[in-house]
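Only one structure is covered here, and it is reproduced in the block below.
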Amino acid sequence: MGGRRRGAHDENYSFVSPVVKYLLFLFNLIFWVISLVMVAIGVYARMMKHAEAALRCLSVDPAVMLLVVGVLMFIITFCGCVGSLRENICLLQTFCICLTVIFLLQLVAGVLGFVFADKARNRVTVMINDAIVHYREDIDLQNLIDFGQKEFGCCGGVTYSDWSQNMYFSCEPDNPSRERCSVPFSCCVLNKDENVINTMCGQGMQEREYTEAGNHIHVNGCIDKLVDWIHSNLFLLGGVALGLAIPQLVGILLSQILISQIKDQIELQNYNLKHRDDPWR
């Protein structure tokens, strides 16, 4: 009788920990909801834009980046949610592999960015110049550039004359734009003592000498300012990188633990089925 009680106990025993299972489910559910919000914002931002203008600056559109990241996160966290809830090894392995690949790609990108800093700088320069060209075509991109120039106190990519690449600010003699040879208002040096802000302070600044223009606008490019900011905030960036890495590592660890427990549970069930009629159990 004692043997039969142990057999019954073995059949009811589970290696799968409810704590691990539902903790992984809750972990994925939170990021799944975040991904839905990101996708909704990205879709809304794309729909609010003029179709032709959006297609021309597709490579630098913040809404597209938000949409891509949101969809990718949605798929991965969906696998994690369903896999943990249904104890599905295939979905859990897919979730774990995706997180591992993303983590390794981030790590490689960080190392390559540090090792090939000059090439990364050139790539950033190309991206900023491309953004300058499409400045007036995308309101989200325009707001992003204006925010960066105000926060860093800079103008253009390398120097303020980079704004001549934009068709509205170009210094070409045949440019009919009223903003010819100007720079955006976000380049202006604002005086807090002024009662009335001159929103036209960037008018014709590209035609002025570097020293003279510096009295009214920020003449240094945003790339140098960005590099200086990175060098002075390495600990902050390290903390952000760690904050992004920890949830990924936690997800990988929990999924591996749950996969191992599910495999042990399957082995126990197979053993019970194989020895169900064993009189010595």
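Summary of values
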quantity	calculated
Calculated FRET value between Gln142 and Met48, using beta carbons and R₀ = 22 Å, to 0.05	0.95
Fluctuation leader among Glu267, Glu87, Glu172 - the chain, Gaussian network, Cα springs under 10 angstrom	Glu267
Distance between modelled label sites at Val33 and Asp118, nm, 7 Å Cα→Cβ extension	5.0 nm
Principal axis dimensions, largest first and in whole angstrom, of segment 154-227 by Cα	38, 33, 18
Solvent-accessible surface ranking, highest first, for Leu258, Leu236 at 1.4 angstrom	Leu236, Leu258
Potential lengthening between Tyr22 and Thr211 on full extension [0.36 nm per residue; Cα-Cα distance subtracted]	61.7 nm
On Cα atoms only, tilt of 18-47 relative to the major axis of the chain in degrees	30 degrees
Gaussian network model of the chain, springs between alpha carbon atoms under 10 Å - residue of Asn220, Asn122, Asn270 with greatest fluctuation	Asn270
Computed label-point distance, nm, for sites Phe103 and Lys274 using a 7 Å Cα→Cβ extension	3.3 nm
Solvent exposure, largest accessible area first (probe 1.4 Å, DNA, RNA and ligands not counted), of Met205, Met167	Met167, Met205
Acute angle (nearest 10 degrees) that the helix 117-133 long axis makes with the longest principal axis of the chain, alpha-carbon atoms	60 degrees
Among Lys21, Lys225, Lys119: highest mean-square fluctuation, GNM of the chain, C-alpha pairs under 10 Å	Lys119
Accessible surface, per residue, of the chain when the full set of protein chains is kept, probe 1.4 Å, Å²	64 Å²
Span from the segment 167-191 Cα centroid across to the segment 66-109 one, whole angstrom	46 Å
Count, lysine Cα pairs under 27 Å in the chain, 8 or more residues apart or across chains	8
Accessible carbon and sulfur surface of the chain relative to its total accessible area, %, 1.4 Å	65 percent
Nitroxide proxy distance, nm - points 7 Å out along Cα→Cβ at Cys171 and Val69	3.6 nm
Accessible surface ranking that places the most exposed of Ser260, Ser35 first, with a 1.4 angstrom probe	Ser260, Ser35
With all protein chains modelled, accessible area of Tyr44 [1.4 Å, Å²]	140 Å²
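The values are calculated or read from the model by the stated rules, or taken from the named source; none is laboratory data. Not measured: the values here are computed from a predicted model. Using ideal geometry, Cβ is built from the backbone for each residue, glycine included, and neighbour counts are taken over all protein chains shown. Ligands, DNA and RNA are excluded from the accessible area calculation, which covers all protein heavy atoms including side chains. Shrake-Rupley method; radii C 1.70, N 1.55, O 1.52, S 1.80 Å.
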